[in-house]
Amino acid sequence: MCRKRNSSAFYGILLLAVLLSACGPREPEEPGWDLTGLVISINEERGTLLVDHDEIPGYMPRMVMEFRVAPGDLEVVEEGMTIRARMLLDDQGYRLERIWPVDPVSDRIVEEAARTLRRDTHTRGRAAYREIGENLPDFALYDQSGRVVEPRRFRGRPMVVNFIFSRCPDPYMCPAATVQMKQLQDRARELEIDDLELISITLDPEYDTPGVLAQYARNYGIDTSNFSFLTGPESAIQDLMRQLGVLAFPDDGLIQHTLATLLIDRDGRIIHRADGTRWEVDDFVTRLLP
Ligand SMILES: [Cu+2]
């Protein structure tokens with residue numbers, strides 16, 4: 001009896017070890033400074049932003065500076081936009097990373113939705129995990145353009161939702177999941193399911209800013225007209241993982257995580273889910289056919 005229990009515990013751990021896959025060593029944090037500022041102009045050719053930044057206490061007064069940024073950030077940032085970012089100094093000068101557009105209206109929507117979602121997770125307690133037949137929870141996150149996305153606006157349209165993160169180096173995990181989502185997008189078009197929305201939520205919101213996700217989408221050649229990559233407050237991401245049944249945790253410089261893909265019907269109900277990457281695109285799309 002006792003031996004049997006032990007062996008099932010052993011297989012449980014083994015199964016967990018198989019389900020969880022190691023993802024990406026986190027790079028050591030470079031020294032840097034947080035700043036906010038107003039984007040005065042964008043130089044696409046040089047890959048730079050001219051920013052009127054606020055005082056960086058103890059380091060630099062308010063001034064106008066040119067910063068190098070990643071290509072994905074150039075897609076997100078607009079002239080006249082207020083941003084917060086991390087300023088880093090290397091041998092080529094100053095550059096900005098972790099750029100987030102700052103917009104009081106959007107920020108309020110996202111923060112309020114995160115608070116509501118947190119309360120909902122607490123209220124549901126042990127029943128936080130949403131079974132097939134339950135609704136997708138409401139949330140508000142930023143997409144790869146920095147725009148707010150609220151899935152309730154998609155009510156009336158079916159959705160496929162999964163979780164990924166851009167630094168995942170394991171080709172069998174997030175990269176495979178993204179390729180499969182892209183195939184699903186293509187297959188739905190072939191079958192003339194024109195109202196499908198695809199959503200990939202990052203597991204690593206601190207690193208995956210809108211600009212990083214824009215770059216990620218571009219690297220996979222994804223048509224983002226109905227495929228959004230979402231990021232936002234850590235608490236909202238954690239609550240969504242909890243409610244949608246995805247595990248992720250840092251482990252000795254790695255992120256261990258599971259994968260899940262959910263199909264949401266036109267009434268906002270979860271009607272199908274697949275764990276891992278071994279699912280068939282047709283198994284999702286055919287459920288949306290009349
Ligand atoms: Cu991964």
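If the Kirkwood radius is taken over C-alpha pairs of the range 32-102, then at 10 °C and 1.306 mPa s the Stokes-Einstein diffusion coefficient equals 134 µm²/s. Relative to the dominant Cα principal axis of the chain, helix 210-219 is inclined by about 70°.
What angle do you read, to the nearest 10 degrees and between 0 and 90, between the alpha-carbon axis of helix 2-19 and the longest principal axis of the chain? That helix lies at roughly 40 degrees to the long axis.
Estimated from helices alone, the mean residue ellipticity of the chain at 222 nm is -9500 deg cm²/dmol (sum of -39500 (n - 2.57) over DSSP H runs with n ≥ 4, per residue).
Taking the average, over residues, of other Cβ atoms within 10 Å as the packing measure, peptides 154-162, 77-85 rank 154-162, 77-85 from highest down. What residue among Arg218, Arg269, Arg167 shows peak mean-square fluctuation when the chain is described by a Gaussian network model with Cα springs under 10 Å? Comparing Arg218, Arg269, Arg167 in a Gaussian network model of the chain, the most mobile one is Arg218. The slack between Tyr172 and Asp91, meaning 0.36 nm per residue of separation minus the straight C-alpha distance, is 25.6 nm. Among Glu150, Glu192, Glu75, the largest mean-square fluctuation in a Gaussian network model of the chain, built with springs joining Cα atoms closer than 10 Å, belongs to Glu192. Contact order for the range 105-288, expressed relative to its length and based on alpha carbon pairs under 8 Å spaced 6+ residues apart, stands at 31 percent.
Take the Cβ atoms of Ile132 and Gln183, set R0 to 22 Å, and the FRET efficiency comes out at 0.45.
The stretch between Asp52 and Glu79 holds 8.6 nm of extra length on full extension. This uses 0.36 nm per residue minus the Cα-Cα distance.
Of Ala127, Ala188, Ala248, the residue with the greatest mean-square motion in the GNM of the chain, using alpha carbon springs below 10 Å, is Ala127. Considering all alpha-carbon pairs of the chain, what whole percent are spaced by more than 27 angstrom? Taking all Cα-Cα pairs of the chain, the fraction more than 27 Å apart is 46 percent. Charges on Cβ only, +1 for Lys and Arg, -1 for Asp and Glu, centred on the Cα centroid of the range 184-243; of Met241, Phe229, Pro205, which one is farthest towards the dipole's positive end? Farthest along the dipole direction, towards plus: Pro205.
Global size of the range 75-144: 17.9, 55 Å for Rg and Dmax (C-alpha atoms, Rg to one decimal, Dmax whole).
Quick note: the coordinates plus some simple rules give every number you see, no bench work behind them. These figures come from a predicted structure and were not determined experimentally. So basically every Cβ, Gly included, is an ideal-geometry build from the backbone, and we count neighbours across all protein chains shown.
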